[in-house]
1. Of all residues being touching a residue at least 40 places away in the same chain (Cβ under 8 Å) and assigned to a strand (DSSP E or B) in region 499-510, which is surrounded by the fewest Cβ atoms within 10 Å (Cβ to Cβ)? Just the residue, please.
2. Could you check, for region 743-758, whether at least one of its residues is in contact with a strand residue (DSSP E or B) (Cβ under 9 Å, 6 or more places away or on another chain) and either hydroxyl-bearing (Ser, Thr, Tyr) or surrounded by 14 or more Cβ atoms within 10 Å (Cβ to Cβ) (or both)?
3. When you go through 123, 167 one by one, which is the residue that is assigned to a helix (DSSP H, G or I) and either touching a residue at least 60 places away in the same chain (Cβ under 8 Å) or over 19 Å from residue 453 (Cβ atoms) (or both)?
4. Does any residue in region 592-612 that is over 14 Å from residue 627 (Cβ atoms) come within less than 6 Å, Cβ to Cβ, of a residue that is open to solvent by 50 Å² or more (accessible area, probe 1.4 Å) six or more places away or on a different chain, and which pairs are these?
5. Anything in region 161-181 that is buried (at least 19 other Cβ atoms within 10 Å of the Cβ) and in contact with a Phe, Trp or Tyr (Cβ under 8 Å, 6 or more places away or on another chain)? List them, or say none.
6. Which one is most open to solvent (accessible area, probe 1.4 Å) among residues in region 580-623 that are of a type in the set (Phe, Trp, Tyr) and farther than 30 Å from residue 547 by Cα?
7. Mind listing just one residue for me: the one in region 692-714 that is surrounded by 17 or more Cβ atoms within 10 Å (Cβ to Cβ) and in a helix (DSSP H, G or I) and, of those, farthest from the chain's Cα centre (by Cα)?
8. How many residues does region 778-801 contain that are over 23 Å from residue 88 (Cβ atoms) and in a helix (DSSP H, G or I)?
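The values are calculated or read from the model by the stated rules, or taken from the named source; none is laboratory data. Small disclaimer: the values here were computed from a predicted structure and weren't measured. Don't worry about glycine lacking a Cβ; one is built from the backbone with ideal geometry, like all the others, and counts go over all protein chains shown. Just so you know, the surface numbers come from the protein's heavy atoms only, side chains and all, with ligands and any DNA or RNA stripped out. Shrake-Rupley method; radii C 1.70, N 1.55, O 1.52, S 1.80 Å.
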Amino acid sequence: MPLIAESNHSSGHNASPDAYEALLIEARWQKQWSDSHLYRTTQPRGDDKTFYALSMFPYPSGTLHMGHVRNYVITDVIARVQRMRGYSVLHPMGWDSFGLPAENAAIERNIDPGEWTRNNIIQMKKQLSRLGLSIDWDLEQTTCDVDYYKWTQYLFLQLYQKGLAYQNQATVNWDPIDQTVLANEQVDSEGRSWRSGAIVEQKKLKQWFLRITDYAEQLDTDLDKLTNWPDKVKSMQRNWIGKSEGTEVDFIIEGDNDLKITIFTTRLDTIYGATYLAVAPENEIINKLFPNDKSDHINQYIHNAAKLSQIERTDDKRPKTGIDLGIKAINPINKERIPVYLADYVISEYGSGAVMGVPAHDKRDYTFATKYQLPIKFVVTPDEDNSDSFYNKPFTSKGILVNSAQFSGLKSDIANIKILKRGTTSNWARTKIQYRLRDWLISRQRYWGCPIPIIKCKSCGIVPVPYSQLPVELPESHNLSSKVGNPLESNVDWVTTKCPNCERPAIRETDTMDTFMCSSWYYLRYADPGNKSKPFNNESISTWLPVNQYVGGIEHAILHLLYARFFTKALYNNKLISINEPFTSLLTQGMVQGITYRNKKTNKYIPIDSISDRSKPIDPSTGDELEIIYEKMSKSKYNGVDPSTVINKYGADTARMFILFKAPPEKDLEWNDADVEGQYRFLNRLWKLFSNIKLDSNNKDVLSDQYVPLAQKDIDKTVLRAVSYTIKALDDDLSDKYQFNTAISELMKLSNLLSTELENLSSDLKIYSLNVLVKLLAPFSPHLAEELWLKLGGTGSVHLQSWPRYDKNNLISESINLVIQIKGKTRGTIKVESGLSKNNLEEIAINSDIAKRWLNNAKPNRVIVIPDKLVNLIP
């Protein structure tokens, strides 16, 4: 690696030597880094340690926002620290560039989506370069490039050959605005499309799926291995997978012993309380119950239910509806006849598509039974006696069985075991594990996506495109003038092809893949980006993966992160890679929030520029008093801050420092201009601290990793102790649980001390202390650190230097503040010599003014001593 600059370099600008010219410094160092390929990935050799730091790659919208800045700066600090710690670091970047936003933008502008996307990438790369990120751009991947999506198609075919990709007729979520299918994960809690916001409709279509349900158990169980993932993310995935251990029970239809409705329940102990069965409108059992013809009433109900999304049907706030089918089922436990209903709150995709209605012990069943005046029979009660009011609402907890024949008086868990044993012996019950997770629907009826490499032949059926014929390239954008219909279907030249098997005329699959297909494996490609014969080599994967630190938003918990885990496991099971989980550690950064002005009466957001007096903001249109709040930055709320504006005013290092200092990385960050100014002033103080350094031939010896600092006078000892403590504090803050804000706080403390005492230090210790400070600063403020390193006489880049180390002996203080506690409560501190024995500390504490005051000169009955920390006196 060539040296970046020598200490006698020319700055290349006419700024005053006393001024901190952030923009000039940053532009110059960014050019130096680029010209010297400073951040090109070094392939490890032998026993070299590796570290893979990765941010979730962005969609190229064309504009960088503060959320991007926070994400990429966090990852950059981690990558820089690990390089200085001696690791070979992989820190790449790419673009999640397929998808509807680009296609919609192309329609609006009447241009090719590829052209729009690539122009946005160029613009965003320029914006990113100003942040001073240590990214290896030689590894860049763009999912809409043919060289990338060729391998997405390759991996699809691998899954298809293993039976993990299949086509099936299914009721799907349809976005009427974007005219495409959505996966369940892409429908929000209000039944709206995650992108367009449209109310999702239900349609029956032939679609492509991936069998993620085959991996439901692994995906659930292996969450326990992800010890460095946030608990919230794991909980969200676990809830989405929705593992339930329960029982299947067969209810025979009265008058036909060969016909039965099978239900799934996790509360077999309540079976004596079943007063009806509820069947999903789309359950195939309906056709068996009415083999000849269904009444118009039933058909109309099924038709109406099909218009509702699963979210709407299962919403507890929505009124439950149903119709009595006029059929009776036999409860196998007590032979009671109970009615069978069609009910839209039952979903065919979960369990068996039928439930036993136990209104006394389930809230939804209670609501349904109350509406249709069905019996409510309590069969479980709490341990204690029940008042009359107990029977006015459903009791959903476990308890003691009543009204349950020979099982009455048993606790729920014991009764469950005994009833299951009886049902198993009688052949009407069996244990069953169910999952809420459904297979991943990957078909999309739009143009701008990865083509599915399948050919449909009248003679041969579904035929995979041979590997030798990959990639199946998208045609030139065609008929994108509207969103109606699948654009590829109308491109006859592209659709028409030959069957690879029989060479007869055939047609291509016109659906494209969900963009999450492309993002479910991109982290693998970075490890082997130049491979022309396969998507990656397993040796490269074994060298770099799993990703050591992944950084991104929590909103990806059950989309990208779940899909990526599935993809990794599927490839592992098919012996394509040697890792079973993609990301060892996950950091989900909080949102960046801006100050926001909202009219509470109209709920409208008001642009800041239209407010004349921000201390007493008034809506300029209505005169109403405005609410001042912090909310996530967005254009619609007029509260965004353009990163380029901040960088142009203060420089990238200031923006980085503020983003890192303002809040812990996992917490939301409230943007505040005054705090940005504070960080700018801190960097200016650092600049001034180094401005008067005189270069000396001995400097280079002091700057070397082998130098051992020696304290020659008392102030040297004090500063050396502070320097050592700062190194230790940053080691702690920058390992596993990252706390960048407290790390920067420690840098500020050290800087303040040196500003006061620098001229009082021995010459070598002066240089040593500044040397440590600049190296610790380097990951946070990389441009300024380079400049300060040169001021010290350092050669090469500061980012190629070793991370500072400290001698534990330097942490030992000659005196400590001993905490005095009375009955566990801190009552004061006294300064004592460090290293004293327990007996000495006990004697000092008992004789202290603090003890005499709080104990009224009495002797304590018990004393607890923690050496060099505290003494707890218990009267």
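1. 507
2. Residues of region 743-758 that are in contact with a strand residue (DSSP E or B) (Cβ under 9 Å, 6 or more places away or on another chain), as a first pass: none.
For region 743-758, residues in contact with a strand residue (DSSP E or B) (Cβ under 9 Å, 6 or more places away or on another chain) and either hydroxyl-bearing (Ser, Thr, Tyr) or surrounded by 14 or more Cβ atoms within 10 Å (Cβ to Cβ) (or both): absent.
3. Values: 167 fails: assigned to a helix (DSSP H, G or I).
Sole residue among the options that is assigned to a helix (DSSP H, G or I) and either touching a residue at least 60 places away in the same chain (Cβ under 8 Å) or over 19 Å from residue 453 (Cβ atoms) (or both): 123.
4. Pairs that qualify, where the first residue is over 14 Å from residue 627 (Cβ atoms) and the partner is open to solvent by 50 Å² or more (accessible area, probe 1.4 Å), are 593/630; 593/632; 593/668; 593/670; 607/638; 610/620.
5. Listed by number, the residues that qualify are 165, 180, 181.
6. Step one: of region 580-623, the residues of a type in the set (Phe, Trp, Tyr) are 583, 597, 605.
Keeping just the survivors that are farther than 30 Å from residue 547 by Cα gives 597, 605.
Working: 597: 11, 605: 56 Å².
It comes out as 605.
7. At the first step, the residues of region 692-714 found to be surrounded by 17 or more Cβ atoms within 10 Å (Cβ to Cβ) are 699, 702-703, 709.
Still in the list and also in a helix (DSSP H, G or I): 699, 702-703.
Details: 699: 46, 702: 44, 703: 40 Å.
Ranking the candidates gives 699 first.
8. If we filter region 778-801 for residues that are over 23 Å from residue 88 (Cβ atoms), which is where we start, we get 781, 783-784, 787-788, 790-793.
From the residues that got through so far, the ones that are in a helix (DSSP H, G or I) too are 783-784, 787-788, 790-791.
Count: 6.
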